[in-house]
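A.B. asks: This is the structure I have questions about; it appears just below.
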Amino acid sequence: MTFETAESLADQILSFLSDKLESNYRVAVIVVGPPGSGKSTISEKLCREINSRYNKYLNKSGSRPCLQENLSERVNICEGIPQLDENSLQDLQKGFFNHVQDQEFQPKRFVDKKDDSEVIVGIGGLPNSIRVENVAPAEPLNHDYKIAQIVPMDGFHLSRRHLDHFDDPAEAHRRRGSPPTFDSNNCLQLCKLLAKTCTIKPTLTLKKSAPGSDILFDRISETFSKSVPSIYVPGFDHALKDPSTGQHCVDAFTRIIVLEGLYLLLDEDNWREIYPTFKETHAVIVWKLDLGVDVLEQRVAKRHLDSGLAATLEAGVERFRMNDLINALKIKEHSLAADDIVSISNN
């Protein structure tokens, strides 16, 4: 196990992207670990560091990237996903609760007639839905380009209304955050969509970089493509304590996706297909965070206290032991193993 800073991890990602730039439009980074391991913090720092470097490059060079018509046709990443029938569409408007515990449910899609985007739903219905738009993204506000984008698993928490429709609603609410209380079906479907975009081959030009310039960032700037669809991903609204659709967007400017979550390596149900899905792209890095239980307990108990989920630190500790610790032990005992999964410390 090694200790890494956000800066050194960013160096590794950019070096990896440089190696893959001729064959992969984007690369994926999977950050997995137990509650309190700092997955979100590390992922956010990574994205900030990489995006800051790229925007500094743009300011220094005085250049602005533009989207090119450099692919022969638009990429249809939704191909193969079944269409939602009329009866199911009506059920969707009522909440889509009939499949809430069906781990084998295959996500379905429908066209939103308001903007012709494709909406993909799993067992969680619209709150956990994914939206795909074949429209080129607009220039970012204040020219703040985000070539690295975080994609958290939190947006696939089933809504509280969906938990109400479990066979044992009380247990589902008590164990919210355990694997069955996620829309793992649509989380896997998102990973399949993102993996498809990783395998798009950029069109590189023979233009030479100016002396002293950043060759990788030069190449990134000249290979943004209008043909790459935008994917809107659900997030989690902590004020509402429920998922929120379209909170994150992976668009044509995104060249690095940082997926973070508890169960992304879990060897159960739909979760076990996520790592192999990205492995097939030959464009994925996997970092697994390992910390001692005492450190996790201290961090998570304080987080529960600060967020109002626990009235005292002692109550936060009890909440950790009754729920978070169970989830942490599950991923420790039932995670996929592979030679390219690197353990890092976040003490």
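A.B. asks: Name every residue in region 24-43 that is surrounded by 20 or more Cβ atoms within 10 Å (Cβ to Cβ) and part of a helix (DSSP H, G or I), in order of residue number.
C.D. replies: LYS39, ILE42, SER43
A.B. asks: So if I check each of LEU21, LEU71, LEU46, which one is among the hydrophobic types (A, V, I, L, M, F, W, C), at pLDDT 90 or above and either more than 20 Å from the chain's Cα centre (by Cα) or surrounded by fewer than 17 Cβ atoms within 10 Å (Cβ to Cβ) (or both)?
C.D. replies: LEU21
A.B. asks: Do you know which of the residues in region 25-58 that are in contact with a strand residue (DSSP E or B) (Cβ under 8 Å, 6 or more places away or on another chain) and of a type in the set (S, T, N, Q) is nearest to SER230 (Cα to Cα)?
C.D. replies: Taking the candidates together, the pick is ASN51.
A.B. asks: Being farther than 15 Å from GLY235 by Cα and of a type in the set (D, E, K, R) is the filter here; which residues of region 118-143 pass it?
C.D. replies: Matches in region 118-143: GLU118, GLU133, GLU139.
A.B. asks: Follow-up question, since we're still on this one. If we keep just the residues of region 211-243 that are within 17 Å of ILE257 (Cβ to Cβ) and out of contact with any helix residue (DSSP H, G or I) (no Cβ under 8 Å at 6 or more places or on another chain), which is surrounded by the most Cβ atoms within 10 Å (Cβ to Cβ)?
C.D. replies: So the residue we want is PHE224.
A.B. asks: Before we move on, is ASP116 of a type in the set (D, E, K, R) and modelled with pLDDT of 95 or more?
C.D. replies: No, not satisfied.
A.B. asks: Let me ask something else. When you look at ILE13, is it closer than 24 Å to ASP154 by Cα, hydrophobic (A, V, I, L, M, F, W, C) and in a helix (DSSP H, G or I), yes or no?
C.D. replies: yes
A.B. asks: Here's a follow-up. Being surrounded by fewer than 17 Cβ atoms within 10 Å (Cβ to Cβ) and acidic (Asp, Glu) is the filter; apply it to region 300-334 and report the residue that is farthest from the chain's Cα centre (by Cα).
C.D. replies: Residue satisfying both the conditions and the ranking: GLU314.
A.B. asks: Hey, can you tell me all the residues within region 158-176 that are assigned to a loop (DSSP other than H, G, I, E, B) and surrounded by fewer than 16 Cβ atoms within 10 Å (Cβ to Cβ)?
C.D. replies: ASP164, ASP167, ASP168
A.B. asks: Considering only region 50-100, state which residues are among the polar types (S, T, N, Q) and farther than 30 Å from ASN142 by Cβ.
C.D. replies: Residues satisfying the conditions are SER72, ASN76, GLN83, ASN87, SER88, GLN90, GLN93, ASN98.
To keep it simple, each residue is scored yes or no on (1) within 30 Å of ASP339 (Cβ to Cβ); (2) acidic (Asp, Glu); (3) surrounded by 20 or more Cβ atoms within 10 Å (Cβ to Cβ); (4) touching a Pro at 6+ places or on another chain (Cβ under 7 Å).
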| site | (1), (2), (3), (4) |
| --- | --- |
| LEU264 | yes, no, yes, no |
| GLU268 | yes, yes, no, yes |
| PRO276 | yes, no, no, no |
| VAL284 | yes, no, yes, no |
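Residue-wise test of (1) touching a helix residue (DSSP H, G or I) at 6+ places or on another chain (Cβ under 6 Å); (2) buried (at least 18 other Cβ atoms within 10 Å of the Cβ); (3) among the hydroxyl-bearing types (Ser, Thr, Tyr); (4) in contact (Cβ under 8 Å) with a residue 40 or more places away in the chain.
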| residue | (1), (2), (3), (4) |
| --- | --- |
| GLN101 | no, no, no, yes |
| PRO107 | yes, yes, no, yes |
| LYS113 | no, no, no, no |
| GLU118 | no, yes, no, yes |
| PRO127 | no, yes, no, yes |
| PRO140 | no, no, no, yes |
| LYS146 | yes, yes, no, yes |
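A.B. asks: How many residues are in contact with a His (Cβ under 7 Å, 6 or more places away or on another chain) and either more than 15 Å from ASN327 (Cα to Cα) or assigned to a helix (DSSP H, G or I) (or both) when one looks only at region 252-296?
C.D. replies: Residues meeting the conditions: 0.
The values are calculated or read from the model by the stated rules, or taken from the named source; none is laboratory data. Since the structure is predicted, the reported quantities are computational estimates derived from the model, not experimental observations. Neighbour counts are summed over all protein chains in view; Cβ atoms, including those assigned to glycine, are modelled from backbone coordinates with ideal geometry.
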